[in-house]
Amino acid sequence: MGVDTKSKAAVKKPEVHPNTWVYHDGEFGRYHDVRLGLMTHALHYGTGCFEGIRAYWNAKQEQLHLLQAPAHYDRMRRSANVIRMELPHSTEELVDITIEVLRRNEFKSDTYIRPLLYASSEEIGVRLHNLKHSFFIYAIPFGKYVEIESGIRCMVSSWRRLPDEALPPRAKITGSYAQSALAKSEAVESGFDEAIVLTMDGHVSEGSAENLFMYKDGVFVTPPVTDDILEGVTRTLISELIKEELGKTVVERSIDRTELYTCEELLLCGTGAQISPVVEVDHRKVGNGRVGEFTQELQNIYFGAVRGESPKHKDWTIPIY
Ligand SMILES: Cc1ncc(COP(=O)(O)O)c(C=O)c1O
């Protein structure tokens, strides 16, 4: 396996402390006390669904801001429905449990929260029906997922996004992420930072774990939810900022591959990636090859909002302490 040194994707990996407080099947406990059996169904067949949520530390305020937790749990409920599962709690209860996990851990840094609903039956046999389900939430201190200040270099993946007819990308199903892993590793091991994946009919879908916006001819364009994307929480927030803060229009339409080479600005967005300016695709400069003016402006507004510094966007976050 080639280990790439040029890629900026290799940012510091977060590690979990064994004493971290977690929530598992109705109880709060320590990370190292939870054990999963080797036969756990989800481990073999990808039968689970999950979320990635962030909380942002504001040192000046000595406050941790939980970002868009209700929207993530609402999406998780929809993902669960697709794969014949049911969340064991209401969205309000899940938000309260998340707050409790964060408080018990007394995190004073940016944090990533991972809820997972999975088939926990210890049985052989691929299926969705007649299985036991389990649910956990853990949280870890977490910084950048990809380098975002100087922009990232992307390749169009040789792997295609699985269509809704095969494995619906609109549901955040654990098994689907083997496909994202194929695309991401191909990109990183080829010296790029991130992969952009096309739909089966050759339109731009999204990054390996991010949605995409391009700026072209005075408007922002993003693929529609029918182009096999995950319906991103960050995508909704960015659309709101583009319209309300930049005063620009957001058009949802299919994007051709070569538009990635000919647009003025390009960005990937997601809970993990936040706002990642794309400065190069397939060895072609995007715009002038530097972080775009509007992308920079969006980053500034976004980071103010998620850290609880923008009164206008107070409803984006929940203060933990
Ligand atoms: C495939 C995929 N697309 C897009 C996103 C962005 O979604 P969100 O903004 O809700 O994190 C993610 C991240 O979860 C993802 O995994």
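The values are calculated or read from the model by the stated rules, or taken from the named source; none is laboratory data. Note that the structure is predicted; figures quoted are calculated from it, not measured. Note that we place each Cβ from the backbone using ideal geometry, even for glycine, and neighbour counts take in every protein chain shown.
The table that follows gives values for the structure above.
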{"item": "Checking Thr258 against (1) within 27 Å of Tyr177 (Cα to Cα); (2) polar (S, T, N, Q); (3) surrounded by fewer than 14 Cβ atoms within 10 Å (Cβ to Cβ); (4) touching a residue at least 24 places away in the same chain (Cβ under 8 Å), the condition it does not meet", "result": "(4)"}
{"item": "Filtered residues of segment 159-187 (kept if within 18 Å of the chain's Cα centre (by Cα) and either β-branched (Val, Ile, Thr) or over 26 Å from Asp74 (Cα atoms) (or both))", "result": "Ile173, Thr174, Leu182, Ala183, Lys184, Ser185, Ala187"}
{"item": "Subset of segment 72-94 [hydrophobic (A, V, I, L, M, F, W, C), within 16 Å of the ligand (Cβ to nearest atom) and buried (at least 18 other Cβ atoms within 10 Å of the Cβ)]", "result": "Met76, Ala80, Ile83, Leu94"}
{"item": "Selection status of Tyr215, of a type in the set (Phe, Trp, Tyr) and either surrounded by fewer than 22 Cβ atoms within 10 Å (Cβ to Cβ) or within 12 Å of the ligand (Cβ to nearest atom) (or both)", "result": "no"}
{"item": "Pairs with Cβ under 6 Å, 6+ apart, first in segment 38-56 and over 29 Å from Ile99 (Cβ atoms), second among the small types (Gly, Ala, Ser)", "result": "His41/Ala119; His41/Ser121; Gly46/Gly175"}
{"item": "Answer residue from segment 147-158, given it is under 19 Å from the mean Cα position of the chain (by Cα) and assigned to a loop (DSSP other than H, G, I, E, B) and is surrounded by the most Cβ atoms within 10 Å (Cβ to Cβ) among those", "result": "Gly151"}
{"item": "Filter pass, Ile229 being at pLDDT 95 or above, out of contact with any Asp or Glu (no Cβ under 9 Å at 6 or more places or on another chain) and under 29 Å from Gly143 (Cβ atoms)", "result": "no"}
{"item": "Matching residues in segment 95-122 - criterion: being of a type in the set (Phe, Trp, Tyr) and within 16 Å of the ligand (Cβ to nearest atom)", "result": "Tyr112"}
{"item": "Strands (runs of 3 or more DSSP E) contained entirely in segment 221-311, each with at least 2 residues that are more than 16 Å from the ligand (Cβ to nearest atom)", "result": "274-281"}
{"item": "Members of segment 56-71 found to be within 12 Å of the ligand (Cβ to nearest atom) and crowded, with 22+ Cβ neighbours inside 10 Å, listed by number", "result": "Leu67, Ala69"}
{"item": "Number of positions in segment 102-130 that are more than 16 Å from Ala80 (Cβ to Cβ), aromatic (Phe, Trp, Tyr) and in contact with a His (Cβ under 9 Å, 6 or more places away or on another chain)", "result": "0"}
{"item": "Boolean, Pro18 is free of Cβ contacts under 8 Å to residues at least 40 places away in the same chain, more than 20 Å from His133 (Cβ to Cβ) and in contact with a Leu (Cβ under 9 Å, 6 or more places away or on another chain)", "result": "no"}
{"item": "Segment 215-243 residues that are charged (D, E, K, R), paired with ones that are in a helix (DSSP H, G or I) and within 11 Å of the ligand (Cβ to nearest atom) (beta carbon under 8 Å, 6 or more apart)", "result": "Glu231/Arg75"}
{"item": "Where a residue in segment 21-36 is surrounded by 13 or more Cβ atoms within 10 Å (Cβ to Cβ) and its partner, wherever it lies, is in a helix (DSSP H, G or I) and of a type in the set (Val, Ile, Thr), with Cβ under 7 Å and at least six apart", "result": "Trp21/Val101; Val22/Val101; Tyr23/Ile97; Tyr23/Val101"}
